[in-house]
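Written below as structure tokens is the structure these notes are about.
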Amino acid sequence: MYFLSKQDRLTPLECERLQGFPDGWTNIPKASDSPRYKAIGNSVAIPCVDFVLRGIAFYLGKFKEESEES
């Protein structure tokens, strides 16, 4: 069994990448990493938002076409 040690924690940069943010998006000069982790943890993954909104837009476009034909 493998246990993560303190050195195995994800970096803020890795967390930004996992959430779909550009590198350094949450980088605050002269601040510790804690606010970055908090901001990233309270965010929503951008690729997920993109996927959901594209699905909604597709459905609304299809719905609009159907209502115009009626």
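What follows draws every value from the coordinates through simple rules; no lab data is involved. For clarity, every value in this text was computed on a predicted model and none was experimentally measured. Cβ placement follows ideal geometry from the backbone for every residue including glycine, while neighbour counts extend to all protein chains displayed.
Couple of notes before you dig in:
- Residue within the range 30-53 that is aromatic (Phe, Trp, Tyr) and in contact (Cβ under 8 Å) with a residue 24 or more places away in the chain present: yes
- When Phe58, Phe21 are checked against the criterion of being loosely packed, with under 11 Cβ neighbours inside 10 Å and out of contact with any helix residue (DSSP H, G or I) (no Cβ under 6 Å at 6 or more places or on another chain), a single residue qualifies: Phe58.
- Pairs with Cβ under 7 Å, 6+ apart, first in the range 6-19 and closer than 13 Å to Gly41 by Cβ, second not β-branched (Val, Ile, Thr): Pro12/Asp33; Pro12/Arg36; Pro12/Tyr37; Cys15/Tyr37; Glu16/Asp23; Glu16/Trp25; Gln19/Ser43; Gln19/Ala45
- Members of the range 24-46 that are surrounded by 10 or more Cβ atoms within 10 Å (Cβ to Cβ) and either part of a helix (DSSP H, G or I) or acidic (Asp, Glu) (or both): Asp33, Pro35, Arg36, Tyr37, Lys38, Ala39, Ile40, Ile46
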